[in-house]
1. Please label the shape of the range 1-63 as rounded, prolate or oblate, based on the square roots a ≥ b ≥ c of the eigenvalues of the alpha-carbon gyration tensor (a/c under 1.5 means rounded; beyond that, a/b larger than b/c means prolate, else oblate).
2. Long-range amide H contacts for residue 148: which residues qualify at under 5 Å (H placed 1.01 Å from N, peptide plane, sequence gap of 5 or more or a different chain)?
3. Skipping prolines and chain starts, which residues have an amide H placed within reach, meaning under 5 Å, of the one on residue 8, given they are 5 or more residues away or on another chain?
4. With the Cα gyration tensor of the range 200-269 in hand, give its eigenvalues times 5 under a square root as the equivalent ellipsoid semi-axes, listed largest first in whole angstrom.
5. How much space per residue, in cubic angstrom, does the convex hull of the C-alpha atoms of the chain take up?
6. For the range 1-137, just the Cα set please: Rg and Dmax, both in angstrom.
7. Under a crude label model (7 Å from the Cα following the beta-carbon direction), how far is residue 92 from residue 39 in nanometres?
8. Using the Karplus curve 6.51 cos²θ - 1.76 cosθ + 1.60 with θ = phi - 60°, what ³J(HN,Hα) values do you get for each residue of the range 209-221, in whole Hz, with x for Gly and Pro?
Amino acid sequence: MQIPTTRIGDLEITRFMIGGNPFSGFSHQSRERTQAMLAWYTDARIIETLFQAQELGLTSCLMRGDPHVTNVLQQYWDQGGTMRWVAQTDSRSITAVDGAKYCLEHGASACYLHGGVMDHYVAQERFDEIAAFIQFVQDAGLPAGLAGHMPVDFEWAEVNVDADFYMVCYYNPSDRALRPEHDPEATERYEPEDREARVACIQTLERPVIHYKILAAGRHDPKEAFDYATAHMRPQDAVVVGVYTEDNPDMIAEDLDLFMGGLRKAGQA
């Protein structure tokens with residue numbers, strides 16, 4: 001299947017990508033679901049899933065920047081894997097620049113600021129740190145992106161920095177104003193008005209956008225979610241979804257079929 005592509009900076013990516021939250025046990029559902037993902041996704045199963053995506057025509061994936069992920073990615077590349085890594089900044093790092101440095105040292109082809117960190121920096125007016133992150137990644141010759149859960153993140157970015165791409169979350173599951181880290185005990189919020197506000201925001205942005213959490217972390221019917229996302233994607237935009245192959249070994253192929261069907265309805269495929 002020929003998957004349409006777009007560009008973030010100089011990097012060409014397929015407009016459908018898989019994300020790595022399930023690989024790292026971030027279910028955004030329950031502690032039990034998180035533990036099941038961690039038990040299922042051994043290194044070997046993650047590598048198998050990456051090769052499934054590659055064989056379907058995906059050229060890039062989005063995954064966290066941490067030793068677990070970089071170790072698995074290196075094994076995948078050593079075995080002939082070809083997908084490029086669009087990296088989320090290392091959450092263990094004190095500064096955004098340090099978080100990017102780890103990813104760049106371990107094979108990233110692009111790097112974006114963690115969405116919770118972006119929410120936090122904007123809320124706390126730590127704008128210099130965002131600008132320093134963008135400058136550091138671009139000085140290394142790679143595309144620099146900003147993820148976030150709040151429209152205000154991107155309204156500020158459009159005026160104040162020259163990012164190469166954005167990652168806009170369809171929801172604001174939990175407030176990150178006081179702390180940037182994901183709280184596994186927090187009750188997460190997935191409301192229709194959040195999704196409507198985010199897609200409205202996307203239409204005003206100049207940079208390419210990667211739409212994420214379009215399935216509300218597994219809470220939406222996949223067909224409805226892909227139809228909604230593709231109806232609101234611009235030709236330069238892409239979508240990323242996490243996959244949990246214990247639920248369905250053919251999940252990537254089925255999601256890709258839904259994505260392509262939605263693009264055809266939208267006149268983009």
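No lab work stands behind these numbers, since they all come straight from the coordinates. Please read all numbers here as calculations on a predicted model, not as lab measurements. Here Cβ is always computed from backbone atoms with ideal geometry, including for glycine, and neighbour counts include all displayed protein chains.
1. Because a/c hits 1.5 or more and a/b exceeds b/c, the range 1-63 counts as prolate.
2. 167, 169
3. Under 5 Å from the amide H of residue 8: 13.
4. Working: eigenvalues 93, 36, 20 Å².
For the range 200-269, the semi-axes come out at 22, 13, 10 Å.
5. Spread over its residues, the Cα hull of the chain gives 114 Å³ apiece.
6. Using the Cα atoms of the range 1-137, the pair Rg, Dmax is 15.5, 45 Å.
7. If labels sit at residue 92 and residue 39, their model points lie 2.6 nm apart.
8. For the range 209-221, the Karplus curve yields 10, 9, 7, 9, 6, 5, 8, 6, 6, x, 8, 9, 4 Hz.
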